[in-house]
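For reference, the structure is listed below as structure tokens.
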């Protein structure tokens with residue numbers, strides 16, 4: 001059984017998108033240990049034939065056969081031409097150094113199709129890491145000229161969280 005919270009953080013969002021919102025193709029880039037939990041959860045929830053792991057991608061070389069792909073963070077280098085309609089970041093920006101968040105935002109901007117959406121749902125509470133204030137998505141995203149903020153709202157579901165939507169422009 002995956003750890004508590006795995007329904008939300010370890011593939012649950014993708015599962016509900018697949019079941020309720022938009023059945024399509026999803027690529028999850030995450031830390032290796034989290035990938036293990038996501039793979040287990042989603043293979044059981046969606047069926048193993050619908051979930052591709054990194055070894056499957058290396059063998060198949062494309063996103064064709066499966067609806068959901070779970071890959072390690074730096075594997076995007078293996079598919080440099082792939083563009084996406086949307087990118088979702090949930091619960092991770094506050095845990096990263098500001099330079100890592102900037103890199104993620106640059107990657108999202110480069111990989112989104114024109115008109116594509118970056119959705120950020122992250123905690124925004126002052127909790128210094130090593131004496132530094134946490135990265136604020138709103139401040140860092142303004143430095144990425146191809147991302148334009150469309151909305152910024154306090155989450156009515158999760159206290160202390162902010163939901164932001166950015167659109168990629170050409």
For the chain, find the longest principal axis of its Cα atoms and tell me its angle to the long axis of helix 32-46, 0 to 90°, nearest 10.
60
What number in nm² do you get for region 83-170 if you take the convex hull of its Cα atoms and divide its surface by four?
5.3
Considering the Cα positions of the chain, please state its Rg to one decimal place and its Dmax as a whole number of Å.
16.0, 47
Using label points projected 7 Å from each Cα along Cα→Cβ, tell me how many nm separate residue 150 and residue 91, to one decimal.
2.5
Percent of beta bridges antiparallel (DSSP, the chain, rounded to nearest 5):
50
Residue 62 paired with residue 44, simple spin-label distance in nm, labels 7 Å along Cα-to-beta-carbon
3.3
Inter-part distance where region 84-160 and region 32-77 are each reduced to a Cα centre, Å
24
Taking all pairs of distinct Cα atoms, average 1/r, flip it, and tell me the Kirkwood hydrodynamic radius of region 16-69 in Å to one decimal place.
11.4
Inter-probe distance in nm under a simple model that places probes 7 Å from Cα toward Cβ, at residue 169 and residue 99
3.0
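Just so you know, all these numbers are worked out from the coordinates, no wet-lab data involved. All of these numbers come straight from a predicted model, not from anything done at the bench. We place every Cβ from the backbone using ideal geometry, glycine too, and count neighbours over all the protein chains shown.
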